[in-house]
Structure formats: structure tokens, C-alpha cells
Amino acid sequence: MKAHGKVNLCLLVGAPRTDGLHPLVSIFQPTKLADEVTMEVYVRDTVVCPGVDGDNLALKALTEFRAATGWDGPPQRITIEKRIPIAGGMAGGSADAAAVLKLASQASGIAIPKDLPMRLGADVPALLADLVDIALVTKPDREMDRVSLTRLFDDEMVAVVPADHPWAARPHLTARDFTDAHLILYEAYDQTRIPSTPLPLPPRARPARITTMPVITDLVIEMVAGGQGVTVLPNWVAAPYTDSHDLALVQIGATPMNRTWYLATRRGPRSPHLEAFAEELTAHLARP
């Protein structure tokens with residue numbers, strides 16, 4: 001079973017509670033990058049996860065599932081093939097725990113207790129659900145009639161380059177500027193995929209090389225800061241990295257490449273907590 005990781009697009013952390021934990025609100029993007037988790041009968045409950053020593057949340061998930069449901073089925077060996085970076089902030093442990101809960105439920109025929117995922121960690125319920133409650137989207141297409149859209153703001157796509165790159169001093173870039181460029185882009189721009197997202201470039205731009213990566217902005221930014229290429233990102237995504245990674249943002253085309261961003265939710269009634277979160281997000285991001 002695949003255990004997909006996630007990337008935080010926004011993380012708001014509150015003051016510590018009396019139990020020492022922090023309340024938090026997060027907007028995250030599930031990734032295609034995933035661990036592979038299997039479970040099979042063994043002599044005792046155990047977990048095999050090369051590269052990870054000590055306590056493992058996946059084994060705790062199985063132990064807690066047994067305790068909460070009374071399942072006394074045969075002992076299980078959990079095997080995890082790690083692809084999500086360890087301690088990389090992508091919820092790999094929580095994803096593995098969610099996968100184990102699903103596998104235990106399948107093996108036992110017992111539903112996962114509603115309160116169990118949250119006891120394992122705040123990320124586990126969301127990764128278990130396989131549903132996205134809220135998304136930030138742009139360029140609505142024919143599928144968008146399936147969701148409810150709230151307009152948030154307009155923003156432009158910009159080239160992101162090291163501060164000492166020749167482009168950094170340019171007022172804007174033209175199609176010809178990209179001729180010798182090595183572009184590092186999100187995997188959605190892989191032109192061999194069906195469907196693929198059109199490249200965020202001026203008409204007739206023909207980059208020398210394009211490398212596509214998982215939707216992990218930190219990884220793309222690190223590659224650009226290390227001089228391995230340039231990228232194109234929404235201004236609002238790239239701007240927080242300019243000072244910390246010594247980067248410059250450059251306009252693409254004589255006319256900015258603007259896009260409108262929307263808050264997307266599933267149609268139908270929203271739960272009170274989802275409604276409150278949507279209102280808070282809109283209040284922070286919406287612009288005239």
C-alpha cells in the first residue's frame with residue numbers, strides 16, 4: 001500500500017496548551033512521493049524499516065488498533081520501503097501509520113475507530129482520509145464545476161534565479177532568454193504526461209533542458225540556489241525564499257504573466273470547522 005507524504009504550504013502554530021502541545025492550522029499538498037507499506041503474518045508484531053531505528057509510529061498504530069478494537073488476529077510484520085525523506089517534514093511517519101491502520105482494518109474486518117487516528121498524530125487523520133478539503137487553484141478548467149470556487153487574488157508567474165545570475169538585472173525576460181536555460185519545474189509540467197500542464201513560458205520559448213521534480217518547493221528552491229538551474233513559480237510561493245536563499249525574481253515577458261488564484265472546496269454543506277477555516281483563509285489571502 002502506498003503511503004503518500006505531504007508538503008506544508010502554510011503552517012500556523014499557536015501558543016502551547018496546558019498539555020504542552022501546540023494548536024496548529026496547516027494547508028498542505030499531498031505528494032506523489034510515497035512509501036510502500038506491506039503487512040504479513042509473522043511470529044510477533046514488528047516493523048522492518050531500513051534506515052529508521054528506535055520507536056516507529058507504524059508499529060504504534062498497529063498496537064493501538066489492537067487495543068482499541070480488541071482484535072487478536074495473528075502477529076504481523078510491517079515492512080516499510082522508505083521513499084519519503086526521513087525527518088524531512090513531509091509526514092512520512094504519519095503516512096506510514098495511516099497505511100497500517102488501513103491494512104489492519106482490512107485484515108481484521110474491523111473499522112478504524114474514529115478517535116484513533118488523532119491520538120497517533122495530527123497529520124494521520126488527513127492522510128488517512130485520502131480527501132482534500134481545501135485547495136488553492138488557478139486556471140479553472142472544465143472539471144472545476146465539481147467544486148465551489150472563491151476568488152482570492154491575482155499573482156504573476158516569475159523566473160527564480162540566484163541573485164548573481166545574469167537574468168537578475170533584467171527588467172523582464174523574453175522567449176529567447178530561455179534558449180540555453182536548464183529549467184527545474186514541478187512534475188505537473190512534464191510534457192510526456194497526459195494530460196500535462198502547459199509550460200509557464202512565453203510563446204515560442206524553447207529551453208535547452210527541462211527537469212521535472214515532485215511538488216516539493218523546498219527541493220526546487222535548493223537546486224536553484226545551488227546553481228543547478230532556474231525555475232518558474234508563482235510570485236507568492238517564491239517570495240519568502242528570496243532573502244534566505246539569496247534569490248532574485250524576474251518578470252517573464254513585457255507584460256506580467258498573471259494568474260488568478262481561487263479557494264476550492266467540494267460542493268455541498270461544509271462542516272463548521274471547515275467553514276471557519278475557509279473564512280479565515282479567505283480573510284488572509286483575498287485581495288481586491
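Points worth noting:
- Test: residue in the range 77-87 that is in contact (Cβ under 8 Å) with a residue 24 or more places away in the chain, more than 30 Å from THR217 (Cβ to Cβ), in the same structural domain as PRO30 (by TED's automatic domain parsing) and in contact with a helix residue (DSSP H, G or I) (Cβ under 6 Å, 6 or more places away or on another chain): yes
- Matching residues, the range 143-162, being of a type in the set (D, E, K, R), touching a residue at least 40 places away in the same chain (Cβ under 8 Å) and either outside the structural domain of ALA239 (by TED's automatic domain parsing) or not in a strand (DSSP E or B) (or both): ARG146
- Considering the range 256-270, the residues that are in a strand (DSSP E or B) and surrounded by 15 or more Cβ atoms within 10 Å (Cβ to Cβ) include one that is modelled with the highest pLDDT, namely MET257.
- Some residue of the range 243-255 being assigned to a strand (DSSP E or B), loosely packed, with under 15 Cβ neighbours inside 10 Å and not hydroxyl-bearing (Ser, Thr, Tyr): no
- Exactly one residue out of HIS172, HIS182, HIS165 is assigned by TED's automatic domain parsing to the domain that holds VAL224 and more than 14 Å from VAL232 (Cα to Cα), and it is HIS165.
- With respect to the stated conditions, LEU103 fails to be crowded, with 20+ Cβ neighbours inside 10 Å and in contact with a Pro (Cβ under 6 Å, 6 or more places away or on another chain).
- Residue check for ASP145: of a type outside the set (Ser, Thr, Tyr) and surrounded by fewer than 18 Cβ atoms within 10 Å (Cβ to Cβ): yes
- So ARG193, is it in the same structural domain as PRO234 (by TED's automatic domain parsing), charged (D, E, K, R) and not in a loop (DSSP other than H, G, I, E, B): no
- The combined condition, being more than 16 Å from the chain's Cα centre (by Cα) and among the β-branched types (Val, Ile, Thr), is fulfilled by VAL224.
The values are calculated or read from the model by the stated rules, or taken from the named source; none is laboratory data. Everything numeric in this text was worked out from a predicted model, so none of it was measured. Virtual Cβ from ideal backbone geometry, glycine too; neighbours counted across all protein chains shown.
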